[in-house]
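The values are calculated or read from the model by the stated rules, or taken from the named source; none is laboratory data. Model, not experiment: these values are computed from the prediction. When we count neighbours, we look across all protein chains shown, and the Cβ atoms used for this are built from the backbone with ideal geometry, even at glycine.
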């Protein structure tokens, strides 16, 4: 196990290595946000050298020979970390040929590897980079099976090496959707999951590649060979298991998995009724990726949903990251975080402080994804993902003025910005004939 941890840490270090074009930059006169949950630091500075953060905060000395950039009192933060998304897996959702998010007709499920299909030049990546998102957890979604496959951690710098960490987690659906896929009932989904994990356990420690029928003698196997092998890192605790569950009863069922499979590294996704079982989630030390805007009983699994869900879980000691409302549109993360800050002013409601809300879209999701201290934070040694904002990043009217990923300044242009520029000052004096009435 120690050897695996060392190898995994080495793989992440290589993946996060600074690119050749990394810039040395010293940003001064800034309202610096470290991203660790603390409040902004007035008059602070940020030093990035060789693509990594050297220092950030107050009292940072200007180094000789490093270009200085005056932020003019603007907000300077780490890049946002979006999770759970399908960025890089689709260009146009409605065009099947450009959409690799679901594989309902495939003979595979758990073995699907999102990292093999990431398109670093996807317009969705360019649009979200311009929104201040510098890294994301991206994955295919459950469709033909309750297993969605193996998600990857990517950066949004647009170069050919977008994948920071392949096969970072496995996604499984135990919500209403998983019940439908498994045969119309959550009971079936639970049996399918446990059977699949037992098959993976039977494979664990074996050398070579056994035939599927050799996995569990005397029992009908639930998975094909490749899917069973893909779950071995899950049952041995080497790969995180992201479990989609909304209602309190389903969350309890997920937490109970630890008794049967003690090495599982669980992460709850959704958890709309998480506040009802927050003490149990905290005691199990299972982090949560939750949508901060769920507040309507739109389905039976969300009858107790409330915008106070994240605030209440946080108060109970649960580690919570804010999820995007839609996998293909996580650029509203900062708006959602801002809503939770505003919620602290509503009598009887539970929200987050400004620092907590920003951390929930930066350092916390990075930590959940296995990059604690290395992304989503302006800490020494972290990747040089830095965003200079035109205003408070949690205000809906604010936008990034500059974005650096691993110390390289990024273009903020996309098809959307090009169309905006094209039609902003359109000369309507000579309209096409179709417009002549």
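Between 53, 66, the distinction of being out of contact with any helix residue (DSSP H, G or I) (no Cβ under 7 Å at 6 or more places or on another chain), assigned to a strand (DSSP E or B) and in contact (Cβ under 8 Å) with a residue 40 or more places away in the chain belongs to 53 only. Screening 90, 82, 103 for residues that are within 19 Å of residue 155 (Cβ to Cβ) and modelled with pLDDT under 90 leaves exactly one candidate, 90. If you go through the stretch 149-163 and keep only what is in a strand (DSSP E or B), in contact with a strand residue (DSSP E or B) (Cβ under 6 Å, 6 or more places away or on another chain) and surrounded by 24 or more Cβ atoms within 10 Å (Cβ to Cβ), you end up with 150, 151, 152, 153, 154, 155.
Does residue 144 meet the test of being closer than 22 Å to residue 367 by Cβ and either more than 15 Å from the chain's Cα centre (by Cα) or not in a loop (DSSP other than H, G, I, E, B) (or both)?
Against the criterion (closer than 22 Å to residue 367 by Cβ and either more than 15 Å from the chain's Cα centre (by Cα) or not in a loop (DSSP other than H, G, I, E, B) (or both)), residue 144 does not qualify.
Scanning the stretch 177-184 for residues that are part of a loop (DSSP other than H, G, I, E, B), at pLDDT below 90 and over 21 Å from residue 272 (Cα atoms) turns up nothing.
With the structure loaded, tell me whether residue 89 is in contact with a helix residue (DSSP H, G or I) (Cβ under 7 Å, 6 or more places away or on another chain) and over 27 Å from residue 401 (Cβ atoms) or whether it fails that test. So residue 89 fits the description; yes. Say we look at the stretch 412-428 and pick out the residues that are in contact (Cβ under 8 Å) with a residue 12 or more places away in the chain and either in contact with a helix residue (DSSP H, G or I) (Cβ under 8 Å, 6 or more places away or on another chain) or not in a helix (DSSP H, G or I) (or both); which of these is surrounded by the fewest Cβ atoms within 10 Å (Cβ to Cβ)? Within the stretch 412-428, the match that is surrounded by the fewest Cβ atoms within 10 Å (Cβ to Cβ) is 415.
The condition of being under 29 Å from residue 142 (Cβ atoms) and free of Cβ contacts under 8 Å to residues at least 60 places away in the same chain holds for residue 329.
The single condition from (1) modelled with pLDDT of 95 or more; (2) closer than 23 Å to residue 258 by Cβ that residue 155 fails is (2).
Within the set 122, 115, 145, the sole residue that is over 19 Å from residue 230 (Cα atoms) and either in contact with a helix residue (DSSP H, G or I) (Cβ under 6 Å, 6 or more places away or on another chain) or in contact (Cβ under 8 Å) with a residue 24 or more places away in the chain (or both) turns out to be 122. Among the candidates 377, 364, 387, 403, the residue that is in contact with a strand residue (DSSP E or B) (Cβ under 6 Å, 6 or more places away or on another chain) and assigned to a helix (DSSP H, G or I) is uniquely 364.
When the stretch 275-306 is filtered for residues that are in contact with a strand residue (DSSP E or B) (Cβ under 6 Å, 6 or more places away or on another chain) and modelled with pLDDT under 95, the ones remaining, listed by number, are 291, 292. Taken over the stretch 92-112, residues that are touching a residue at least 12 places away in the same chain (Cβ under 8 Å), part of a loop (DSSP other than H, G, I, E, B) and farther than 21 Å from residue 333 by Cβ amount to 11.
Residues of the stretch 352-367 being under 12 Å from residue 321 (Cβ atoms) and surrounded by fewer than 24 Cβ atoms within 10 Å (Cβ to Cβ), which ones? Even if it seems obvious, please write down each step before you answer.
The first filter runs over the stretch 352-367 and keeps only residues under 12 Å from residue 321 (Cβ atoms), leaving 352, 356-367.
Hits for the stretch 352-367 are 356, 367.
Evaluating residue 30 against the criteria (1) farther than 24 Å from residue 372 by Cα; (2) surrounded by fewer than 23 Cβ atoms within 10 Å (Cβ to Cβ); (3) in contact with a strand residue (DSSP E or B) (Cβ under 8 Å, 6 or more places away or on another chain) leaves one unmet condition, (2). In summary, helices (runs of 4 or more DSSP H) completely within the stretch 224-326 and bearing 1 or more residues that are without any contact (Cβ under 8 Å) to a residue 12 or more places away in the chain occur at 248-260, 278-284.
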